[in-house]
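Following: one structure in structure tokens, then a few remarks.
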Amino acid sequence: MSANGSPSGKQPTATYDSAFLRACRREAVPHTPVWFMRQAGRSLPEYRKVREGVPMLESCMRPELVTEITLQPVRRHNVDAAIYFSDIVVPLKAIGLDLDIKPGVGPVVEQPIRTRADLARLRDLTPEDVSYVTEAIGLLTRELGATPLIGFAGAPFTLASYLVEGGPSRTYENAKAMMYGDPELWADLLDRLADITAAFLKVQIEAGASAVQLFDSWVGALAPADYRRSVMPASAKVFEAVAGYGVPRIHFGVGTGELLNLMGEAGADVVGVDWRVPLDEAKRRVGPGKALQGNLDPTVLFTDKDTLEARAGEVLDAAAGLEGHVFNLGHGVMPNTDPDALTRLAEYVHTRTAR
């Protein structure tokens, strides 16, 4: 059994019996494990200091910097897992697409993908394209010891939306127009992105990541029938491609209350839930055989200590009947969040759920 629980003939390492991986596998835990989406980043003054003058994409390609940024919240908050510091467009940049992350805007693609001829620009991703990822994860796993590292990638739908729109969008009009109007081109685009995403996750797992999370940040814009028909096959392909490693696979999207069952069906072992659906209702929607992750509203961190603990307690109460629960926010940590509030929240969950 490897560190990830995959059948490799090796003995388990310290991460295998961690509270986080046990919860993902729906096993008994010493306490409810906690980590926060975007725990590494703008809310931390130490992050802003080390990132000073370094563009976002460049920061994702410097192994020592990635290591430091990924470790910062583990040191500060005593969370139960680290998440690899990266960005969803890193594998697209690595295969040569002309894109950048513009401050205050987000990823911007110089030449959007709109035609079949454009698909030729989406070549296969090789481990050599992202050698800095392998190096960074090697550094991280040595530093983290018994704390698991979560690998990270954007899901095909969200990547496709950026590529077709050319940047962030509120309406996804170009992406949806392709999905509805040229379903064959859309399916081929998502299939190519599924291959690239799977390759990116494989690099992270083989370097030592103990779990992976697929972020489908924008997929809540779709109706369930469109998700099943036009998105689920590509997401399922990604999850199937890494199934043999035996690492827990987490799936998360925003505004996906109507899609929770399908997102689990796509192949996730753990379904992330945003703050809009209580966890007991999410369990009913997802069905048996899956752990859940979530789901405190990130804005609760701006309230006082008593309110924060009361609202976190409500999340834990709703999670009482789950097969497995990983405490998290219902979306990422906001930039203006007081880091001390996150530290207190992690401590509260650990203390409240100690068995």
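See the values below:
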read-out: Cβ-Cβ under 6 Å pairs, at least 6 apart or on other chains, the stretch 118-143 side without any contact (Cβ under 8 Å) to a residue 12 or more places away in the chain and open to solvent by less than 50 Å² (accessible area, probe 1.4 Å), far side of a type in the set (Ser, Thr, Tyr) and not in a helix (DSSP H, G or I); value: none
read-out: The stretch 198-227, residues that are under 27 Å from ASP80 (Cβ atoms), part of a helix (DSSP H, G or I) and open to solvent by 20 Å² or more (accessible area, probe 1.4 Å); value: LYS202, GLU206, ALA207, GLY220
read-out: Selection count where residues are without any contact (Cβ under 8 Å) to a residue 60 or more places away in the chain and of a type in the set (Lys, Arg), scope the stretch 40-85; value: 4
read-out: Matching helices (runs of 4 or more DSSP H) fully within the stretch 19-116 where at least 2 residues are open to solvent by 20 Å² or more (accessible area, probe 1.4 Å) and closer than 19 Å to LEU140 by Cα; value: 45-51, 63-77
read-out: So THR147, is it of a type in the set (Val, Ile, Thr), farther than 30 Å from VAL34 by Cα and either out of contact with any helix residue (DSSP H, G or I) (no Cβ under 7 Å at 6 or more places or on another chain) or surrounded by 16 or more Cβ atoms within 10 Å (Cβ to Cβ) (or both); value: no
read-out: Residues located in the stretch 20-46, provided they are touching a strand residue (DSSP E or B) at 6+ places or on another chain (Cβ under 6 Å) and among the small types (Gly, Ala, Ser); value: ALA23
read-out: Among residues of the stretch 77-92, those that are charged (D, E, K, R) and touching a helix residue (DSSP H, G or I) at 6+ places or on another chain (Cβ under 6 Å), counted; value: 1
read-out: Pick from the stretch 167-197, criterion open to solvent by less than 10 Å² (accessible area, probe 1.4 Å) and not hydrophobic (A, V, I, L, M, F, W, C), ranking: farthest from GLY253 (Cα to Cα); value: GLY167
read-out: Selection status of VAL105, out of contact with any Gly (no Cβ under 6 Å at 6 or more places or on another chain) and touching a residue at least 12 places away in the same chain (Cβ under 8 Å); value: yes
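The values are calculated or read from the model by the stated rules, or taken from the named source; none is laboratory data. Here the structure is a predicted model, which means the values were calculated and not measured. Positions of Cβ are generated from backbone atoms using ideal geometry, with glycine treated the same way; all protein chains shown enter the neighbour counts. Areas reflect the complete protein model, heavy atoms only, side chains present, ligands, DNA and RNA absent. Shrake-Rupley method; radii C 1.70, N 1.55, O 1.52, S 1.80 Å.
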